[in-house]
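One structure is given here, and the rest of the page talks about it.
None of the figures in this text is laboratory data; all of them are computed from the coordinates on show. Owing to the predicted nature of the structure, the values given are computational and were not obtained by experimental measurement. Neighbour counts run over all protein chains shown; Cβ positions are idealised from the backbone, glycine included.
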Amino acid sequence: MFAPVRGMKDLYGSSAKKYGYIIDTASRIGEKYGYNEIKTPIVEATEVFHRSIGDETDVVSKEMYSFLDKGGESITLRPEGTAGVMRAIVSENLAQSFPVKLMYHGEMFRYDRPQRGRYRQFHQLGFECVGDKSPYTDAILICMATEILNAIGIFDTKVLLNTLGDKDTREAYTKGLVKYLSRHEDKLSDDSKRRLAKNPMRILDSKDANDRAICQMAPLITDYLSKESEQYFQKVCELLEKAGINFEIDNFLVRGLDYYSETAFEFKPTRDEHRDSVGGGGRYDNLLSIFGGADISGIGFAFGIERLMLLIDDAKFKEIALKIAVIPVSETENEVAFQLLKSLYDAEISAEFIHIGTLSKKMKVADRLNCSIAVIIGEDEIKNGCFTLKFMNCEDKEEKTKVVAKSDLISFLKHIN
C-alpha cells in the first residue's frame, strides 16, 4: 500500500470544496479589479528562479526541487508564482500596454520541514500588477487582498507593513546594517555569516533565535529612507488608514525574496493558535527587465491556500447547499425516480440517486451523504401523483414528514433552498 510522498497531501472532500470556494471567490473579486487569469507551467528553467528570487534566499539555496531532464537541461518545480508570470509576460508578448494585471493559482513546491499548513507541495493564489508605480496602486492591491479574505470569511487578520526603500536607500542602509552586524559576527548563525558578505538584509528574515535577538537592536531602514521613498510610504499608510485597513508597521519585515523594493506587506492572523502569515507581497522594481522586458515596476501578493483553509469556519462552510436524496422504495419505481433525478439536476438542485438495498439501508446512505431531504417514491406515491418527503435533520415527528404533489416538488424545494 502506497502513501503520499512526505510533505504532499491528497486534496478531496471538504478540503477540495474549500479550495474551489477560495478560488471562485478570489477570481470574482480579481475580475472586478481588472485582473485576468494566467496559468503558467509548474516547471521552469532553473535560471528563471536563480535570476529573480536570488541565490542567497532560502528558497533558492535550500528549498527548490531542481533536476536535470533527459536533455540535460536544469529545470525546477516552481517554488513561487511571480517569476513564471514575469517570464510569461515577456515570452508571450503580453505587455502590449500597461498596466498588465494578472492572477494565478496552482501548485508550488519547496523542500521544507512539513508542518500544519505548510507542505512540500502546496497551493498559492496570487495577483501581479506590472507597469503602474503609485502609492494608490499599492493601497488598492492591499484593499483587494483584504476584501478577498473577508469574502471567504476570514476577518481576524492584520496587515504588517514596511518599506524597503529605493535603490539609494537600500545601498545606504546596507552599509549601516553591515557595520552593526559585523560587531556581532561571531554570534551569528552560519547562514547569516555567509549572508553578511552577500545579502545582509536577508539576516533580518532569519529564523535563528540568536540572529533575531541581535537584529532587534539593528538600525532601521526607515532612518535611511530617501525623501522620495519616505513620501511614498507615508502616502501608502495614509491611504490605508482612509480605507479602514487594519495595519501596523513592522520595521523588520523584509520578505523572503530578493526582488522586493519599496512597499512590503504580510497578512497575519490575530488569533493566537495561528502564528504563520497567510500570505504577503510587495513592490518590485526591474524584475520584468531580468527576462528581457521593459525596465518598469510592479507589485503583487500571494496567499497560501492551505493556510487560508485552516482559518475558514467548517460549520459555516457546510451550510452552503441543500442536497436531496431520491429514493425509490423498490426496483419498480426506479424509472420514475430516475426521471425525477434528471428534473432536479435541470433545476440546479443537488441530488443523490439511492436505489440499492432495503429502504432502511437507503435511508442510512442518505444520512451518511449529508442529504437534507429524502424524496420517497413508492407504489402509493406513483398512484396518487405525489412524493413523500422525509426531513433528515428534523426532530419533530409531525414536521419530519410531508407529502408534496408531483407538480409542486421543484418549486417547493427551491423555496427551501
Of all stretches in the chain that avoid chymotrypsin sites (Phe, Trp or Tyr not before Pro) placed in a DSSP loop and having at most 13 other Cβ atoms within 10 Å, the longest is 156-417
Residue separation between residue 178 and residue 380 times 0.36 nm, minus their alpha-carbon distance, gives in nm 64.1 nm
Here the FRET efficiency for residue 97 versus residue 361, based on Cβ atoms and R0 = 56 Å and rounded to 0.05, is 0.35
Applied in sequence order to region 326-336, the curve 6.51 cos²θ - 1.76 cosθ + 1.60 (Karplus, θ = phi - 60°) yields integer Hz couplings, x standing for Gly and Pro, of 9, 10, x, 5, 9, 4, 4, 8, 4, 5, 5
Assertion target for 215, 237, 394, 129, ordered by fewest C-beta neighbours within 10 angstrom first, is 394, 237, 215, 129
At 4 °C in a medium of viscosity 1.567 mPa s, region 132-217 has a Stokes-Einstein diffusion coefficient, with Rh taken as the Kirkwood radius over alpha carbon pairs, in µm² per second, of 84 µm²/s
Note, residue 35: beta-carbon cut-off 15 Å, +1 each Lys/Arg, -1 each Asp/Glu, net -2
Those trypsin sites (Lys or Arg not before Pro) from region 67-107 that are DSSP loop and have at most 14 other Cβ neighbours within 10 Å turn out to be 70
Net charge near residue 217 (other residues with Cβ under 15 Å of its Cβ; Lys, Arg +1; Asp, Glu -1) is +1
The longest stretch of the chain containing none of the GluC sites (Glu not before Pro) that sit in a DSSP loop with at most 15 other Cβ atoms within 10 Å is 93-272
Taking a label point 7 Å from the Cα of residue 235 along Cα-to-Cβ, the residues of region 139-170 whose backbone nitrogen sits under 18 Å from it are 139-143, 162-169
Quick note on 263, 332, ordering by fewest other C-beta atoms within 10 Å, gives 332, 263
In nanometres, the difference between 0.36 nm per residue of separation and the alpha-carbon distance of residue 395 and residue 314 is 26.8 nm
Answer in debye to the nearest 20: the dipole magnitude of the chain about its Cα centre, from +1 Lys/Arg and -1 Asp/Glu charges placed on Cβ, is 680 debye
Around residue 365 (Cβ within 14 Å, Cβ-to-Cβ, excluding residue 365; K/R +1, D/E -1) the net charge comes to +4
Note to self, the chain gives a 222 nm [θ] from helices alone (DSSP H runs n ≥ 4, -39500 (n - 2.57) apiece, / all residues, nearest 500) of -11000 deg cm²/dmol
Residues whose built amide H sits under 5 Å from the amide H of residue 106, excluding neighbours closer than 5 in sequence, are 124
If amide H atoms are modeled at 1.01 Å from N in the peptide plane, then the residues at a separation of 5 or more from residue 280, or on another chain, having amide H under 5 Å from its own are 267, 302
If 207, 342, 406 are placed from fewest to most neighbouring beta carbons inside 10 Å, the sequence is 207, 342, 406
